[in-house]
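Step one of this worksheet: look at the structure below.
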Amino acid sequence: MKRTRLTAVRAMEILDSRGNPTVRVYVELEDGTEATASVPSGASTGENEAVELRDHEENRYGGKGVLQAVANVNEKISPAVLGMDARQQSVIDQRLIELDGTENKSKLGANAILGVSMAVARAASMSTGVPLYQYLGGVGARRIPVPCMNILNGGAHADNSVDIQEFMAVPLGAPTFREGLRYVAETFHTLKGILKKRGLSTSVGDEGGFAPNMGSNEEAIEIIIEGIEKAGYRPGQDIAIALDSAASSFSSDLVNHYDLKWSGRGEMDSEGLIKMAEKWVADYPIVLWEDPLAERDWDGFQEFTRRLGDAIEVVGDDLFVTNTRYIKQGIEKKSANAALIKLNQIGTVSESIEAVRMCRDAGWRSFISHRSGETSDSFLADFAVAMDSGQLKTGSACRSERIVKYNRLLEIEQELGDTALYYWK
Ligand code: PGA
Ligand code: ZN
């Protein structure tokens, strides 16, 4: 008896956390289950990401409208998937990929496709009465990810004098997720006090981290360490640091020329950046570094990983764009030892799962991530638990579109009780 067939698939245009349009999809099943899902949107996007379809009508939202993507859901995707069984996630995702027919989902839009893919998963989980994290991850899904909390923002996510896009506090020494979240939320609040006392700005960037003008990138790390200590924690043991350089955003050729323009530190080649990283890793409790080099700098990534890959986790974001084609290359070339996983970079739930599987098979880690433009959808929290990846980044301890994911993880942990797992490695 199949009561999980899709009976309605519709989309609408909503706003994301930056006030830009994005896609929300609504699906209905034969048994009356109704589910929605909303699609996030990045700012420092990789050039090989699946295409986020925008209307480019300058007189509407500065060209950022998504009415075409919405129409694609309503007029093209809906008739193609109606009647399909929502429990057949991979079959439905495959249908969407084929219907689009392009390498990068440019015809229907990855925003249109992902909205449907996520809503289908949620509807199936609701209909079968299994929580989303277990529906996607099985009954063994019980590891709550360490929340890598982005407490200080720079680069393209802020208007300040810091080049590194994200400075994250990683509560790897906490006994549980709930405690880990408390460690880093307290650090966030303590940091605010320190910034205020020094007359620095406590306004926040797109992901909710503070975005003060600092004298240098190093000073940003040092003030975070001060925050960790002042909040009562031991840097490196209780709370470590993770960075996302998003280096494509300060590279002119995406290969070997960098200009640390926001801090005014000036031009550098890949070797210069790697040397700087070696010093930082020696001086500071850094455990993870994402996109230390630009997305076409495969040689730089390889060298970075050769020199630092034993000491820290090296994550490719713009380099791999959650695409198994590039992750495979990265595994072969030893360009990193982990991949960032963003569902909308690839455009379906199934392909995101595939990217995680490829990482796991290679002994790599996968780092589950939100986008800088988010919505109140908490899908990501369940997805992270389902993927058993043990690490997640979803912004700071403010801005509800970030907090909703943390709160969902608190719920999941509570539901799992003593069986919940929490550990970094
Ligand atoms: P984005 O930033 O969502 O703007 O791409 C997040 C990241 O670079 O990890
Ligand atoms: Zn990144």
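The values are calculated or read from the model by the stated rules, or taken from the named source; none is laboratory data. What you see is a predicted model; the values in this text were computed from it and never measured. No Cβ is skipped: glycine too gets one built from the backbone with ideal geometry, and neighbour counts run over all protein chains shown. Just so you know, the surface numbers come from the protein's heavy atoms only, side chains and all, with ligands and any DNA or RNA stripped out. Shrake-Rupley method; radii C 1.70, N 1.55, O 1.52, S 1.80 Å.
Among residues of the stretch 262-284 being in a helix (DSSP H, G or I) and of a type in the set (Lys, Arg), the one that is farthest from Ile221 (Cα to Cα) is Lys275. For Ala294, are the conditions met, namely being open to solvent by less than 30 Å² (accessible area, probe 1.4 Å) and either out of contact with any strand residue (DSSP E or B) (no Cβ under 7 Å at 6 or more places or on another chain) or part of a loop (DSSP other than H, G, I, E, B) (or both)? Yes. Scanning the stretch 274-291 for residues being out of contact with any strand residue (DSSP E or B) (no Cβ under 8 Å at 6 or more places or on another chain) and either open to solvent by less than 10 Å² (accessible area, probe 1.4 Å) or more than 18 Å from Leu260 (Cβ to Cβ) (or both) gives a total of 2.
Residues in the stretch 373-384: is at least one of a type in the set (Asp, Glu), over 26 Å from Arg142 (Cβ atoms), at pLDDT 95 or above and more than 15 Å from ligand 1 (Cβ to nearest atom)? For the stretch 373-384, residues of a type in the set (Asp, Glu), over 26 Å from Arg142 (Cβ atoms), at pLDDT 95 or above and more than 15 Å from ligand 1 (Cβ to nearest atom): absent. Restricting attention to the stretch 178-225, the residues that are hydroxyl-bearing (Ser, Thr, Tyr), more than 23 Å from the chain's Cα centre (by Cα) and more than 29 Å from Tyr423 (Cβ to Cβ) total 3.
Checked against the criteria, Ala11 counts as outside any loop (DSSP other than H, G, I, E, B), crowded, with 24+ Cβ neighbours inside 10 Å and either within 16 Å of ligand 2 (Cβ to nearest atom) or not assigned by TED's automatic domain parsing to the domain that holds Glu290 (or both).
Working only within the stretch 221-249, note down all residues that are assigned to a helix (DSSP H, G or I), open to solvent by less than 10 Å² (accessible area, probe 1.4 Å) and within 16 Å of ligand 2 (Cβ to nearest atom). Of everything in the stretch 221-249, just one residue is assigned to a helix (DSSP H, G or I), open to solvent by less than 10 Å² (accessible area, probe 1.4 Å) and within 16 Å of ligand 2 (Cβ to nearest atom), namely Ala247.
Mind checking which residues of the stretch 115-133 are within 21 Å of Ile77 (Cα to Cα) and among the aliphatic types (A, V, I, L, M)? Listed by number, the residues that qualify are Val116, Met118, Ala119, Val120, Ala121, Ala123, Ala124. Apart from one condition, Gly180 fits all of (1) open to solvent by 10 Å² or more (accessible area, probe 1.4 Å); (2) small (Gly, Ala, Ser); (3) within 16 Å of Tyr233 (Cα to Cα); the exception is (1).
Among the residues of the stretch 21-60, those that are in contact with a strand residue (DSSP E or B) (Cβ under 6 Å, 6 or more places away or on another chain), more than 21 Å from Ile341 (Cα to Cα) and either modelled with pLDDT under 95 or open to solvent by 10 Å² or more (accessible area, probe 1.4 Å) (or both) comprise Tyr26, Glu28, Glu30, Glu34, Thr36.
Candidates in the stretch 250-260 are the residues that are not β-branched (Val, Ile, Thr) and not in a strand (DSSP E or B); of these, the one that is nearest to Ile164 (Cα to Cα) is Phe250.
In the stretch 170-204, the residue that is farthest from Ser372 (Cα to Cα) out of those that are small (Gly, Ala, Ser) and free of Cβ contacts under 8 Å to residues at least 60 places away in the same chain is Gly199. Helices (runs of 4 or more DSSP H) fully within the stretch 343-425 that include at least 2 residues being among the basic types (Lys, Arg): 349-361, 400-416.
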